[in-house]
2 protein chains.
Amino acid sequence: MRIGAIEAGGTKFVCGYGNEDGFIEDRISLPTGQPDQTLDEVIAYFQDKRVDCIGIGTFGPINIDPASPLYGYVTTTPKEGWARYPFLRKLKKEFHVPFGWDTDVNAAALGEATWGAAKGSDSCVYFTIGTGIGIGVYTEGKLVHGLVHPEGGHLLIRRHPHDEFVGSCPYHGDCLEGMASGPAIEKRWNIKGSDLGTNHSAWDIEAFYIGQAVTSAILMLSPKKIILGGGVMHQKQLFPLIRTEVQKNLNGYVSSEALLSDIDHYIIPPGLEDNAGLCGAMALGLQAFIQREIDE
Amino acid sequence: MRIGAIEAGGTKFVCGYGNEDGFIEDRISLPTGQPDQTLDEVIAYFQDKRVDCIGIGTFGPINIDPASPLYGYVTTTPKEGWARYPFLRKLKKEFHVPFGWDTDVNAAALGEATWGAAKGSDSCVYFTIGTGIGIGVYTEGKLVHGLVHPEGGHLLIRRHPHDEFVGSCPYHGDCLEGMASGPAIEKRWNIKGSDLGTNHSAWDIEAFYIGQAVTSAILMLSPKKIILGGGVMHQKQLFPLIRTEVQKNLNGYVSSEALLSDIDHYIIPPGLEDNAGLCGAMALGLQAFIQREIDE
């Protein structure tokens, strides 16, 4: 089969297609412009591709409630022209195939559970830690939407005792995103994170915050894998520091070998690397295709 | 149909049966003794009841992983005789009907989603706040198990600025349970919570902590309802205080009328009241019965 995929980002769109093994056969990249124009280019790309389904993992916020009249819309983004835009509807008019539609982080979580670092698992939590912090939640074989969708980037956290940074979140000040996103690191140290040495105490503080968020994910969701992606997590020295923080926080309370002796295989980087976005969108498309088969 | 139910607690077992509308037709209560003896009494009760299925919501920790050889066992409880006891297996030998098996808090969450305060919703989080703090998580129409099961009672929280209590959790000191359980309130004020006046500042501090936990649940899981039960929540003055804390914490970030203008119907007490435990177990039994129908 041929699975179409759209990774819709605020600066670029990646379109492509691949097969049910997660192998990408073709892709193109487009700059994100005005929505009508951008989607016309997307439609032109897929016109002769004869895909069996299309998955869309997109920037947001978006409406992912199938019962809502605004399902498939971008909702309140500040990105010019995209707020209240009927993204999914425009594509559905052109292609009569099953469509998967979800947030980019939920797509990444599903992609990792389908072909990546959590392959074969029926649950994982995916954190992306970069310009912002987002989470995708996959549990008991389902992506979590609920009322809106998880927004774990804004968890309240305890302040590190040696950190006086006020926090950069316009809503919450010193929430997780306000303290641990890429821009927060840069504001705290007056230098880009990527220019700090790997031994800088900045990473201990960063691990302290991310470790709390990971601990909260374990306590609230008990996922089978936790995947940490995004630009900040290119600092690979963070992984052992975060694992140590999580074990310190839990203090042996949750009795599972995955947390006690095998945490190196529990809190892990994405397996799909540069293909995470497109593979995630493909996984959404595949899921929609399978669901259609079940429904019929 | 006739749905059997076992509400297995550390001090008493309640057995009963009812119908698919959640109506309880009969019940008995037994003191929790040694497991073989207690379960013999349970078996004797159901012997002539001709139930179509049995649901068990139990104290724990228990193994709820169907793939594990220890599925259906109580695991590490300090309760004498019950650690590593094959609870479910003993009953399955006697009754050849579908069995539901889960934690007492997951049972309560499912009961509330089936017949109670979250009726008709495909997601809710149930907090029980009493001697300990536990959570049951129901999301996208499924109870969450994952690696072990959620343990949201031990969330790390920020300390209230006017609270110097060290915390009562033997594992984490000042985690949620260490600061906000019934025993924590009693240790902090040297008086039982039920003897504090309803205007005591204790309840502001309590709401501060529970409000953080509810905020974390919203950010990690985006549930459609949050239900707060357990002995501490008999202090009804807590509900408006907690709602105010949650709105203060979120600060308008999650754009949903349920949180912004309708929070009185979002953070709510259990609808099943004194029947919550038994109805929850019935809901597990009904779910197992329906699943068997689908599988066959």
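The values are calculated or read from the model by the stated rules, or taken from the named source; none is laboratory data. Since we're looking at a predicted model, the values are computed, not measured. Cβ: placed from backbone, ideal geometry, glycine included. Neighbour counts: every protein chain shown. Side chains are part of the model used for accessible areas, which takes the heavy atoms of the whole protein and leaves out ligands, DNA and RNA. Shrake-Rupley method; radii C 1.70, N 1.55, O 1.52, S 1.80 Å.
Scanning the range B:94-115 for residues that are surrounded by fewer than 19 Cβ atoms within 10 Å (Cβ to Cβ) and either under 24 Å from B:GLY134 (Cβ atoms) or touching a Pro at 6+ places or on another chain (Cβ under 7 Å) (or both) turns up nothing. Keeping to the range A:190-219, report how many residues are crowded, with 23+ Cβ neighbours inside 10 Å and either farther than 19 Å from A:GLU177 by Cα or aromatic (Phe, Trp, Tyr) (or both). So the count comes out to 3. Which residue is surrounded by the fewest Cβ atoms within 10 Å (Cβ to Cβ), if the candidates are limited to the range A:152-177 and must be within 11 Å of another protein chain (Cβ to nearest Cβ) and without any contact (Cβ under 8 Å) to a residue 12 or more places away in the chain? Among residues in the range A:152-177 that are within 11 Å of another protein chain (Cβ to nearest Cβ) and without any contact (Cβ under 8 Å) to a residue 12 or more places away in the chain, the one surrounded by the fewest Cβ atoms within 10 Å (Cβ to Cβ) is A:PRO170. For the range B:222-254, the candidate set comprises residues that are among the charged types (D, E, K, R) and touching a strand residue (DSSP E or B) at 6+ places or on another chain (Cβ under 9 Å); within that set, the residue that is least open to solvent (accessible area, probe 1.4 Å) is B:ARG243. With respect to the conditions (1) open to solvent by 30 Å² or more (accessible area, probe 1.4 Å); (2) in contact (Cβ under 8 Å) with a residue 60 or more places away in the chain, B:GLU257 falls short on a single one, namely (2). Within the range A:274-287, the set of residues being more than 29 Å from A:LEU219 (Cβ to Cβ) and either open to solvent by 20 Å² or more (accessible area, probe 1.4 Å) or touching a Lys or Arg at 6+ places or on another chain (Cβ under 9 Å) (or both) comprises A:ASP274, A:ASN275, A:LEU278, A:LEU286. Assess whether B:THR128 counts as being buried (at least 24 other Cβ atoms within 10 Å of the Cβ), polar (S, T, N, Q), under 15 Å from the mean Cα position of the chain (by Cα) and facing chain A (nearest Cβ under 10 Å). No, not satisfied. For the range A:1-39, taking the residues that are acidic (Asp, Glu) and surrounded by 14 or more Cβ atoms within 10 Å (Cβ to Cβ), the one that is farthest from A:GLY277 (Cα to Cα) is identified as A:GLU20. Being under 21 Å from B:ARG292 (Cα atoms), of a type in the set (Lys, Arg) and at pLDDT 95 or above, is that true of even one residue in the range B:48-61? Yes: one or more hits. Which of the residues spanning the range A:1-14 are more than 19 Å from A:VAL105 (Cβ to Cβ) and touching a strand residue (DSSP E or B) at 6+ places or on another chain (Cβ under 7 Å)? Scanning the range A:1-14 gives A:ARG2, A:ILE3, A:GLY4. Cβ-Cβ distances below 8 Å connect the following pairs, each with a first residue in the range B:237-253 that is within 14 Å of chain A (Cβ to nearest Cβ) and modelled with pLDDT under 95, a second residue that is loosely packed, with under 14 Cβ neighbours inside 10 Å and assigned to a helix (DSSP H, G or I), and a separation of six or more residues or different chains: B:GLY252/B:LEU260.
Are any residues in the range A:139-148 open to solvent by 20 Å² or more (accessible area, probe 1.4 Å) and in contact (Cβ under 8 Å) with a residue 60 or more places away in the chain, and if so, which ones? Within the range A:139-148, A:HIS145, A:VAL148 qualify. Residues of the range A:45-93 that are farther than 22 Å from A:SER29 by Cα, of a type in the set (Val, Ile, Thr) and open to solvent by less than 50 Å² (accessible area, probe 1.4 Å): A:ILE64, A:THR75.
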